[in-house]
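Heads up, the thing below is written out as structure tokens.
Since every read-out is calculated from the coordinates, none of them should be taken as a lab result. Here the structure is a predicted model, which means the values were calculated and not measured. Glycine gets a Cβ as well: all are built from the backbone with ideal geometry, and neighbour counts include every protein chain shown.
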Ligand code: MRU
């Protein structure tokens, strides 16, 4: 079902699918330096919380091939940690590498970092399959209760493009497809970066029926009874279940709640920040006004053009994420099962 590899790591370099070229063009980039990896994450050539974490792990391994003393290690970790603030998978991956590498002699660090990066990549795909299996149970229940495809609404892109395989929010949809249960996905555009176009492309590639909608159409569709459940990903889930995800997720959760439509977050344990007590403490990335004022897309002759939707002097604010409070979340689908948002430590007692 997954047609392309988002990240492949070859020890001295990583090859990524360049998501800034999608959905118009398939292109890959070779990342062979710390600079290149940091740029790829910051510019969103790679994006999506799990993929950001895995790419950063490769970045550490690549950086240590030249120099692996304590200073070089600290520099690589700091540099990568500063690329994007909200997705906690970035910090999770870097801390995992730091714990492993700091006690090792310099000469062993690059190889150990490379092995760990490979492990993180492999684990992510496996974790997401398990999220898919748990989410499938929800889809099965709905499918058994009414005829026709199960109508899932999602936001942003939390599919295989955003991970090392299979996706998080889309994992239950893919599991349903494998189980022969028809689904239909409402895909919201996700202004201003339009990650919904990535989701539309990915679902099309994977043979899952979908409809692309303007972000503003979501409330109407939820109120009209056209949605059976909402599943989105997350960039950071606080210990109390408050969940940061792409800007616009909160509005979907509000509208879902008002219309008694279940609203789920799909998130691996690596996205849960047990050290963050509530969503008010989650750092929210501000990406600047250019993304709102400009749009790049191919013209009729398939030539990539940047158009100006607003004049350069128009003041803009561009918070890239919002926080959906736990009270609006029906459940959090993890690789270990589905949890009520306030009871995550029941699934992960080591964090109690
Ligand atoms: O800014 P992005 O495109 O990196 O944001 C991505 C999201 O918000 C996803 O929903 C989230 O990272 C989960 S990806 C499995």
Discussion item. Once you keep just the Cα pairs under 8 angstrom separated by 6 or more residues, what percentage relative contact order results for the chain?
Written reply: 16
Discussion item. Suppose the Debye formula is applied to equal point scatterers at every Cα of the chain; what is log10 I(q)/I(0) at q = 0.10, 0.13 Å⁻¹?
Written reply: -0.58, -0.99
Response to the item:
With bins of 5 Å, the percent of all Cα-Cα pairs of the range 137-213 per bin from 0 is 3, 17, 30, 25, 16, 7, 2, 0
Practice prompt. May I ask you to compute the full-extension gain from residue 67 to residue 179, defined as 0.36 nm times their residue separation minus their alpha-carbon distance, rounded to one decimal in nm?
Written response: 35.5 nm
Item to complete: May I ask for the distance between the Cα centers of the range 74-99 and the range 307-324, given as a whole number of Å?
Response: 27
Worksheet item: Using alpha-carbon positions, what is the distance between the centroids of the range 145-179 and the range 40-55, in Å?
Response: 20
Worksheet item: residue 108 to residue 26: extension gain in nm, 0.36 nm per residue of separation minus the Cα-Cα distance?
Response: 25.9 nm
Worksheet item: What's the extension gain from residue 99 to residue 146 if we count 0.36 nm per residue and subtract their Cα-Cα distance?
Response: 11.9 nm
Fill in: Fraction of the pair-distance distribution of the range 173-226 above 19 Å, Cα-Cα pairs, percent
33
Worksheet item: Taking every pair of alpha-carbon atoms in the range 212-329, what share in percent sits in each 5 Å bin, from 0 to the bin with the longest distance?
Response: 2, 11, 16, 17, 15, 14, 13, 8, 3, 1, 0
Worksheet, complete the sentence: Plugging the Cβ-Cβ distance of residue 278 and residue 82 into 1/(1 + (r/R0)^6) at R0 = 22 Å yields, to the nearest 0.05, a FRET efficiency of 0.35
